[in-house]
Amino acid sequence: MTKVSLRSKFALINEHWRPKVVASLNGQEVKLVKFCGTFPWHVHANEDEMFLVWNGSMIVEFRDQIVELDAGELCVVPRGVEHRTMAETEAEVLVFEPSNTRNTGDIVDETFTAPNGIVI
């Protein structure tokens, strides 16, 4: 049982779109990630995914809807729903999802697919 400072952990992240694990519980991981720009369209067939904005703002885009999120707001993307995320300026985001969930879901992308299980 240890305390985690989100401010301190985010300060250690110097790249975009590369989630870092800060906690694990009940088969889920809490990941910190910095967004900037536009992420590719993708889907997670078997996992729900939750985005909680810590600092800044971001968009979760669906084929039929856009959800704008500011600090303190969250959105859950249900499994099987195609989506992409974007941020005009850098946003700090917490992602909650099952352990070993590939950040790019059903696609592998040289630029955006990040390794799983990187702990910060």
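I'd like the full set of residues that are among the small types (Gly, Ala, Ser) and more than 17 Å from residue 38 (Cα to Cα), limited to segment 52-77. Steps first, please.
Of segment 52-77, the ones among the small types (Gly, Ala, Ser) are 56-57, 71-72.
Of everything in segment 52-77, those that are among the small types (Gly, Ala, Ser) and more than 17 Å from residue 38 (Cα to Cα) turn out to be 71, 72.
Among residues that are at negative phi, surrounded by fewer than 19 Cβ atoms within 10 Å (Cβ to Cβ) and free of Cβ contacts under 8 Å to residues at least 24 places away in the same chain, residue 110 is included.
Give the residues of segment 16-48 that are of a type in the set (Val, Ile, Thr) and either part of a strand (DSSP E or B) or within 11 Å of residue 97 (Cα to Cα) (or both), sorted by residue number. Once the filter is applied, which keeps residues that are of a type in the set (Val, Ile, Thr) and either part of a strand (DSSP E or B) or within 11 Å of residue 97 (Cα to Cα) (or both), segment 16-48 yields 21, 22, 30, 33, 38. Under the condition of being over 26 Å from residue 8 (Cα atoms) and touching a residue at least 40 places away in the same chain (Cβ under 8 Å), the residues counted in segment 78-103 number 3. Scanning segment 94-113 for residues that are more than 16 Å from residue 47 (Cα to Cα) and in contact with a Ser or Thr (Cβ under 8 Å, 6 or more places away or on another chain) gives 112, 113.
Residues that are under 19 Å from residue 36 (Cα atoms) and among the β-branched types (Val, Ile, Thr) were ranked within segment 78-107; the one that is surrounded by the fewest Cβ atoms within 10 Å (Cβ to Cβ) is 89. Considered as a group, the residues in segment 1-15 that are within 14 Å of the chain's Cα centre (by Cα) and surrounded by 14 or more Cβ atoms within 10 Å (Cβ to Cβ) include one that is nearest to residue 102 (Cα to Cα), and that residue is 13.
We did not get these values from a lab; they are worked out from the coordinates using the rules stated. It should be emphasised that the depicted structure is a prediction, and the values quoted were computed from it without experimental measurement. No Cβ is skipped: glycine too gets one built from the backbone with ideal geometry, and neighbour counts run over all protein chains shown.
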